[in-house]
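The values are calculated or read from the model by the stated rules, or taken from the named source; none is laboratory data. In this text the structure is predicted, and so the values were computed from the model without any measurement. Here Cβ is always computed from backbone atoms with ideal geometry, including for glycine, and neighbour counts include all displayed protein chains. With ligands, DNA and RNA removed, areas are computed over all heavy atoms of the protein, side chains included. Shrake-Rupley method; radii C 1.70, N 1.55, O 1.52, S 1.80 Å.
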2 protein chains.
Amino acid sequence: MPAPIDFYFDFSSPYGYLASVKIDKLAENHGRAVGWHPILLGVVFKQTGGQPLTTIPLKGDYSKRDFARTAAFLSIEFKMPSTFPIATQQASRAFYWVQQQNPGAAKALAKALFRSYFVEDRNISSAETVAVVAAGLGHDRAAMLAALNDPAIKDKLRQECDAAIAKGVFGSPYIIVDGEPFWGSDRLDQVDKWLETGGW
Amino acid sequence: MPAPIDFYFDFSSPYGYLASVKIDKLAENHGRAVGWHPILLGVVFKQTGGQPLTTIPLKGDYSKRDFARTAAFLSIEFKMPSTFPIATQQASRAFYWVQQQNPGAAKALAKALFRSYFVEDRNISSAETVAVVAAGLGHDRAAMLAALNDPAIKDKLRQECDAAIAKGVFGSPYIIVDGEPFWGSDRLDQVDKWLETGGW
């Protein structure tokens, strides 16, 4: 089986959320697995001078409209969170902690966290909320809270962000297929064709 | 017949060029005309703090790759211009000068200018080159060169940029359908569905 494709995202990214709903099935259609990589866009933006879309004049108002419209266009549930954007260190650390034990469970947790934030309007920036969402999937709440403070897990997230930047990741979602980078949920059609044809 | 849809673009915008190839047919499929509005992104970017994609770290290299890949994905001829981005005052003024006499001819000129820049790698920032391209469509070269220096035409372009900003335009391409804004050539699928359904 060929190598997995790589899916980089920030848990606070609406387009990252939209891609997260589609990416596994899309890859599976071509016999490919997907490696999920939560990162911190704030760290990446230090490289590119980027800033959260919704804070930019004109573009900010458009973006909020586009998030909801694009979600509906793709038939994906979406509700603009009342607090946006948020810090996603805790959610990302939770992902990597679970991943060390069980990669499949980490992906299920990521989906639950995305859904908590972008459908149920729960603020997943807090360790407490992340632990509650994880507990809903059977993870031990106290162990999760301890893990979120574990220096090794904090290091793991830093390393993942550094590795992403080294690969050129500058936004969310950012998908790499056999070395070819695709930025944005609106490139999923090209990812699909790239997987089918091997490139053009 | 319902009102035309509005298509804003900068002649130096690769995604604007891609949209320009598709937009008329797309609208025509729904019985709609398209009003073309060349603008100067540099003026718009003063509102938003934007900057040319290709000058941004990481994003710049990606963008050049994405221009060519997306053009091929859409089966549109494209060659990255050797000088990029360029000033597009002259091309835009030429458009508005012709438009005052014949809107259909203005659109034909816009297509020829886009093609000169993004297929034939001719630098359309110069009045001389714009006049040569226009002459190829039967416009009087000397009259065109005079028009490009006409204060009334310069004013017309300024007014068009101001009007675009007043409507919230912050990028290229930017398409407005019955008040609904769409940014980017990757929103043409949504424009298509919006025209079909009247919105969602």
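Find the helices (runs of 4 or more DSSP H) located wholly in segment B:1-93 whose residues include 2 or more that are touching a residue at least 60 places away in the same chain (Cβ under 8 Å), and list them.
B:14-28, B:41-48
All but one of (1) free of Cβ contacts under 8 Å to residues at least 40 places away in the same chain; (2) surrounded by fewer than 22 Cβ atoms within 10 Å (Cβ to Cβ); (3) touching a helix residue (DSSP H, G or I) at 6+ places or on another chain (Cβ under 6 Å); (4) of a type outside the set (Phe, Trp, Tyr) hold for B:LEU109, so report the exception by its number.
Of everything listed in (1) free of Cβ contacts under 8 Å to residues at least 40 places away in the same chain; (2) surrounded by fewer than 22 Cβ atoms within 10 Å (Cβ to Cβ); (3) touching a helix residue (DSSP H, G or I) at 6+ places or on another chain (Cβ under 6 Å); (4) of a type outside the set (Phe, Trp, Tyr), B:LEU109 misses just condition (2).
Being touching a strand residue (DSSP E or B) at 6+ places or on another chain (Cβ under 8 Å), within 13 Å of another protein chain (Cβ to nearest Cβ), aromatic (Phe, Trp, Tyr) and open to solvent by 50 Å² or more (accessible area, probe 1.4 Å): is that true of B:TRP183 here?
yes
Among the residues in segment A:77-90, are any at negative phi, within 14 Å of another protein chain (Cβ to nearest Cβ) and buried (at least 17 other Cβ atoms within 10 Å of the Cβ)?
yes
Hey, among the residues in segment B:122-162 that are touching a residue at least 40 places away in the same chain (Cβ under 8 Å) and of a type in the set (S, T, N, Q), which one's least open to solvent (accessible area, probe 1.4 Å)?
Out of the qualifying residues, it is B:SER125.
Can you name the residue in segment A:1-39 that is open to solvent by 20 Å² or more (accessible area, probe 1.4 Å) and in contact with a Ser or Thr (Cβ under 8 Å, 6 or more places away or on another chain) and, of all such residues, is nearest to A:ASP178 (Cα to Cα)?
A:LYS22
Looking at segment A:60-76 only, could you name the residues that are of a type in the set (Phe, Trp, Tyr) and facing another protein chain (nearest Cβ under 7 Å)?
The answer is A:TYR62, A:PHE73.
When segment B:186-200 is examined, which residues are found to be open to solvent by 50 Å² or more (accessible area, probe 1.4 Å) and within 17 Å of B:GLY31 (Cα to Cα)?
Those that are open to solvent by 50 Å² or more (accessible area, probe 1.4 Å) and within 17 Å of B:GLY31 (Cα to Cα): B:ASP189, B:ASP192, B:LYS193, B:GLU196, B:THR197, B:GLY198.
Quick one: is A:VAL44 modelled with pLDDT of 95 or more, buried (at least 18 other Cβ atoms within 10 Å of the Cβ) and β-branched (Val, Ile, Thr)?
Taking the combined requirement at face value, the residue does not satisfy it.
Would it be correct to say that B:ALA166 is modelled with pLDDT under 95 and either facing another protein chain (nearest Cβ under 9 Å) or out of contact with any Lys or Arg (no Cβ under 7 Å at 6 or more places or on another chain) (or both)?
yes
Since B:PRO57 meets every condition but one in (1) more than 10 Å from chain A (Cβ to nearest Cβ); (2) open to solvent by 50 Å² or more (accessible area, probe 1.4 Å), which condition does it not meet?
(1)
Got a number for residues in segment B:169-180 being open to solvent by 30 Å² or more (accessible area, probe 1.4 Å) and either without any contact (Cβ under 8 Å) to a residue 12 or more places away in the chain or within 12 Å of another protein chain (Cβ to nearest Cβ) (or both)?
1
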